[in-house]
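The values are calculated or read from the model by the stated rules, or taken from the named source; none is laboratory data. Keep in mind the model is a prediction, meaning the values are calculated, not measured. Methodologically, a virtual Cβ is constructed for each residue, glycine included, from the backbone with ideal geometry; neighbour enumeration extends over all protein chains shown.
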Amino acid sequence: MSRASWTLHALAEQLGIEMRGPADLVLDHLAPLGSAQAGALSFLANPRYRHQLEETQASAVILHPSLAGGCSAAMLLSDNPYLTYARASHLFNRAPIPASGVHQSAVVDETAQFDDSVSIGANAVIEAGCVLASGVVIGPGTVVGANCVIGENTRLYANVTLYHNVRIGARCIVHSGVVIGSDGFGFANEKGRWVKIAQLGGVVIGDDVDIGACTTIDRGAIGDTRIGNGVILDNLNMIAHNVVVGDHTAMAACSGISGSSKVGSHCIIAGGVGIAGHLEVADRVQLSMCTVVSSSLPESGSYSSGTAISETREWRKNAARFRQLDSMARRLTALERMLDNRHPSRHDEGDTGAGE
């Protein structure tokens, strides 16, 4: 339920939290703490910015009760200010809501099933056998391939492409440029010539999934590629054929999961991560930025790879040394063996070296 303005009391009731300040104080937008002006609702989630409370011009601030003493503005008190801010953001969201109905320029197959609550935008294409549940929004220029099923209140923004046999759950958001159900990268080699493998599976996406712009999710080679409930995918991610992503996993931009790998639930995958094919990643794994996963991770925890940033001249020297690590290790092993042969008693725990 969004609207142009809220009183402090109405916001507190809507968010289910305690208020301090004039009940009839009107708030008409959200703004950062440091640049907020009158009429703004702001928030303080990180105590490092508590010094901004003294100078903020915001009319009201969402903050933890322990920080209330340093705030001169009206307050909404929350044990989790960032989560409360997230919920409040929807109350002030003024993004246009598409009208229900089918635009005259849309092309909709006569076998497609949907009710009057569905919105189908200009130049959209809905192919044969599709089923669109109530409240679905199909943006302009979006193509929904044959036999796709889309759950209630899911929104596909402009220029999304669903190939055939894609299933998307309820309350999902799919941003512009996303391609779901394209062929997986499956080829067999015949004497240097690539022979394409038909990709016979589909894609199944759960409820409450958010898919960022220009992300691609390939269809399965035989079975389905599966994205669990509550998964959030940033822009420009690549998910290959037959991948399984568990419930509530988050994946930041420019990361990729190779074919037939399985990622557990509640994982956090930072930007630029690469996961090789046919691996398994346990539940609640965290992968830091640009980590390369080349073997399965059977236990939860935080994992990293790569080297930290350094001055270019130093980095080049270290990169050269890195390429020499194998030969250095071999030489070190040879030296240890040579020492063992010259001094066979140096590993003898019973020899004190006293000679008596």
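In the condition set (1) closer than 30 Å to A158 by Cα; (2) of a type outside the set (K, R); (3) in contact (Cβ under 8 Å) with a residue 40 or more places away in the chain, A99 is compliant with all but (3).
From the residues in the stretch 262-272 that are surrounded by 19 or more Cβ atoms within 10 Å (Cβ to Cβ) and β-branched (V, I, T), which one is farthest from N237 (Cα to Cα)? Looking at the filtered set, the residue picked out is V263.
Scanning the stretch 66-113 for residues that are more than 17 Å from T142 (Cα to Cα), over 29 Å from the mean Cα position of the chain (by Cα) and of a type in the set (G, A, S) yields S66, A68, G69, G70, S72, A73, A74. Output yes when any residue across the stretch 7-27 is more than 30 Å from A133 (Cα to Cα) and touching a Pro at 6+ places or on another chain (Cβ under 6 Å), and no when none is. No, every residue in the stretch 7-27 fails to be more than 30 Å from A133 (Cα to Cα) and touching a Pro at 6+ places or on another chain (Cβ under 6 Å). Looking only at the stretch 49-68, residues that are buried (at least 20 other Cβ atoms within 10 Å of the Cβ) and either part of a helix (DSSP H, G or I) or not small (G, A, S) (or both) come to 5 in all.
Note on the stretch 200-224: residues that are in contact with a Phe, Trp or Tyr (Cβ under 9 Å, 6 or more places away or on another chain) and within 15 Å of V166 (Cα to Cα) amount to 4.
In summary, H343 fulfils each of the numbered conditions (1) surrounded by 10 or more Cβ atoms within 10 Å (Cβ to Cβ); (2) of a type outside the set (S, T, Y); (3) within 23 Å of G274 (Cβ to Cβ) with the single exception of condition (3). T307: surrounded by fewer than 11 Cβ atoms within 10 Å (Cβ to Cβ), within 27 Å of I239 (Cα to Cα) and β-branched (V, I, T), yes or no? Taking the combined requirement at face value, the residue satisfies it. Can we say S176 is part of a loop (DSSP other than H, G, I, E, B) and in contact with a Ser or Thr (Cβ under 7 Å, 6 or more places away or on another chain)? No; evaluated as a whole, the condition is false for this residue.
Selection of the stretch 1-48 for residues being farther than 16 Å from N80 by Cβ and aromatic (F, W, Y) yields only W6. Taken over the stretch 285-303, the residue count meeting the criterion of being under 15 Å from the mean Cα position of the chain (by Cα) and buried (at least 17 other Cβ atoms within 10 Å of the Cβ) is 2. Criterion first (small (G, A, S), at pLDDT 95 or above, under 19 Å from I180 (Cα atoms) and within 16 Å of the chain's Cα centre (by Cα)) does A250 satisfy it? Yes: the conditions hold for A250. Only one entry in D116, D109, D183 is closer than 22 Å to R219 by Cα and surrounded by fewer than 19 Cβ atoms within 10 Å (Cβ to Cβ), namely D183.
Here's the yes/no breakdown for (1) at pLDDT below 95; (2) hydroxyl-bearing (S, T, Y); (3) closer than 30 Å to C148 by Cα:
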{"position": "A58", "(1), (2), (3)": "no, no, no"}
{"position": "L67", "(1), (2), (3)": "yes, no, no"}
{"position": "G121", "(1), (2), (3)": "no, no, yes"}
{"position": "G129", "(1), (2), (3)": "no, no, yes"}
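Evaluate the stretch 226-238: report whether one residue or more is closer than 23 Å to V160 by Cβ and touching a Phe, Trp or Tyr at 6+ places or on another chain (Cβ under 7 Å). The answer is no, given that none of the residues of the stretch 226-238 is closer than 23 Å to V160 by Cβ and touching a Phe, Trp or Tyr at 6+ places or on another chain (Cβ under 7 Å).
State yes or no: is N189 under 20 Å from T161 (Cβ atoms) and either outside the structural domain of S296 (by TED's automatic domain parsing) or of a type outside the set (A, V, I, L, M, F, W, C) (or both)? No. For the stretch 122-129, the count of residues that are part of a strand (DSSP E or B) and within 25 Å of the chain's Cα centre (by Cα) is zero. Of the residues screened, R167 is not one that is among the basic types (K, R) and either assigned to a loop (DSSP other than H, G, I, E, B) or more than 30 Å from I222 (Cβ to Cβ) (or both). Comparison of G230, G223, G259 shows that the only residue that is surrounded by fewer than 17 Cβ atoms within 10 Å (Cβ to Cβ) and assigned to a loop (DSSP other than H, G, I, E, B) is G223. The residue that is surrounded by the fewest Cβ atoms within 10 Å (Cβ to Cβ), among those in the stretch 69-98 that are touching a strand residue (DSSP E or B) at 6+ places or on another chain (Cβ under 6 Å) and of a type in the set (A, V, I, L, M), is A74.
When the stretch 208-247 is limited to residues that are acidic (D, E) and out of contact with any Ser or Thr (no Cβ under 9 Å at 6 or more places or on another chain), the one that is nearest to S176 (Cα to Cα) turns out to be D210.
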